[in-house]
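First comes the structure, then the notes that go with it.
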Amino acid sequence: MKATDRKIDTRHGRIRVSDTEGSGLPLLFLHGAGTCRKVFERQCRPHLLERTRIIALDLPGHGDSDDAEDPEIAYSLTGMIDTIDEVLVTLGVRQLAIFGWGLGGHLAIEMLGRSRLVEGVLLSGTPPVSRGLIGALRGFHPSVDLLFATKQHWSEREFKRFEQLCLGHSATPDIRNAIARADGQLRSIFSQSIIRGDGHDQRRTVLHAEVPVFLVNGTDDPFIRRGYVAGFEDHARNRFVELIEGAGHAAFREKPEPFNLLLDRFIDMILENRSADAVRLAAWR
């Protein structure tokens with residue numbers, strides 16, 4: 001990805017950002033717990049770069065971004081959103097589309113609930129759950145493996161298990177290093193924030209969305225309940241549920257070709273909506 005890399009100061013520390021700049025549709029990539037912005041490298045193809053301005057950041061406590069000085073605030077759902085908002089203001093970005101994976105998907109839904117400037121979200125590995133523990137359990141498979149994403153400290157065996165569950169065979173040395181580097185406090189604090197019900201009700205936010213929402217998951221994702229996610233499909237309201245055959249939690253890395261076709265379709269729909277809005281505005285004037 002040909003991009004400008006920089007660090008942006010926020011109230012919760014410096015955030016590393018890669019930005020392809022340009023006048024295309026701003027498309028924000030939000031990675032999952034324990035990884036980094038480089039996890040999306042297989043999505044940065046010429047066809048997408050021609051139409052979008054890709055912005056990929058390392059979330060607080062991840063990659064090349066700073067660990068939080070006040071983790072209880074910075075690593076909560078609302079603290080993470082505040083940090084992302086500061087980055088976008090600095091970059092001069094207002095309207096945008098978002099692709100969020102895992103933890104990044106939950107952040108994308110919260111941004112959708114907060115602002116009418118989000119033009120669409122694509123979620124992968126992220127069931128939009130209702131508030132509280134019961135709501136979360138309806139979207140996720142309750143298992144010992146799921147607890148890895150909530151633990152502050154890992155043994156070597158747990159580290160390897162987490163990598164396998166999240167990335168299958170798609171991990172590269174830089175992604176593996178990112179997992180080892182990530183601040184474990186975030187996993188614990190963010191999961192508590194979700195279970196506590198911070199922010200918007202994510203199920204309700206997606207069901208009431210007035211912009212395109214794509215839910216794209218692997219058939220072999222070990223964390224999410226496919227039947228639960230299937231219930232969000234409603235083409236009349238521009239909600240689409242898609243499955244990538246033979247992929248796990250990181251479908252966009254494990255099976256990039258079919259995934260990228262769906263990402264293109266998502267972008268096409270948003271650009272078509274923009275064109276229709278421009279025609280309506282011209283007619284009104």
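The values are calculated or read from the model by the stated rules, or taken from the named source; none is laboratory data. Computed from a predicted structure; not experimentally measured. A quick note on method: Cβ atoms are made from the backbone with ideal geometry, for glycine too, and the neighbour counts reach across all protein chains shown. These area figures cover heavy atoms from the full protein model, side chains too; ligands, DNA and RNA do not enter into them. Shrake-Rupley method; radii C 1.70, N 1.55, O 1.52, S 1.80 Å.
One table, with the values for the structure above:
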{"quantity": "The stretch 1-110 - percent relative contact order, Cα under 8 Å, separation 6 or more", "calculated": "34"}
{"quantity": "Bridge type composition, the chain - antiparallel percent by DSSP, nearest 5", "calculated": "35"}
{"quantity": "Relative contact order [Cα under 8 Å, 6+ residues apart], the chain, whole percent", "calculated": "19"}
{"quantity": "Residue-averaged 222 nm ellipticity for the chain, from DSSP H runs of 4+ at -39500 (n - 2.57), nearest 500", "calculated": "-12500 deg cm²/dmol"}
{"quantity": "For the chain, with +1 on Lys and Arg beta carbons and -1 on Asp and Glu, the positive-most of H200, I81, W101 along the dipole", "calculated": "H200"}
{"quantity": "Accessible-area ranking of V216, V211, largest first, probe 1.4 Å", "calculated": "V211, V216"}
{"quantity": "Distance violations [Cα-Cα > 28 Å] among K160/K255; K7/K160; K2/K151; K2/K160", "calculated": "K7/K160; K2/K151; K2/K160"}
{"quantity": "Gyration tensor (alpha-carbon) shape descriptor, the stretch 217-276, a/c threshold 1.5", "calculated": "oblate"}
{"quantity": "Per residue accessible area in Å² of the stretch 168-237, where ligands, DNA and RNA are left out and the probe is 1.4 Å", "calculated": "46"}
{"quantity": "Shape call, the stretch 64-146: gyration tensor on alpha carbons, a/c limit 1.5", "calculated": "oblate"}
{"quantity": "Student exercise, the stretch 53-174 dipole from Lys, Arg, Asp, Glu Cβ charges, in Debye to nearest 20", "calculated": "720"}
{"quantity": "Sequence of R94, R265, R45 when ordered by accessible area, the most exposed leading, probe 1.4 angstrom", "calculated": "R94, R265, R45"}
{"quantity": "Kirkwood hydrodynamic radius (C-alpha pairs) into Stokes-Einstein, the chain, 25 °C and 0.890 mPa s, D in µm²/s", "calculated": "130"}
{"quantity": "Cα→Cβ-extended label distance, 7 Å offset, between T78 and A180, nm", "calculated": "3.7"}
{"quantity": "Dipole magnitude of the chain, debye to nearest 20 (Cβ charges: Lys/Arg +1, Asp/Glu -1, about Cα centre)", "calculated": "380"}
{"quantity": "Dipole of the chain, positive end: most advanced residue of S18, P173, A136 [Cβ charges, Cα centre]", "calculated": "A136"}
{"quantity": "DSSP bridge orientation in the stretch 1-70 - percent antiparallel, rounded to nearest 5", "calculated": "65"}
{"quantity": "Whether the stretch 190-250 is rounded, prolate or oblate, judged on the alpha carbon gyration tensor where a/c under 1.5 counts as rounded", "calculated": "oblate"}
{"quantity": "Nonlocal amide H pairs with E242, under 5 Å, H built at 1.01 Å", "calculated": "L215, V216, N217"}
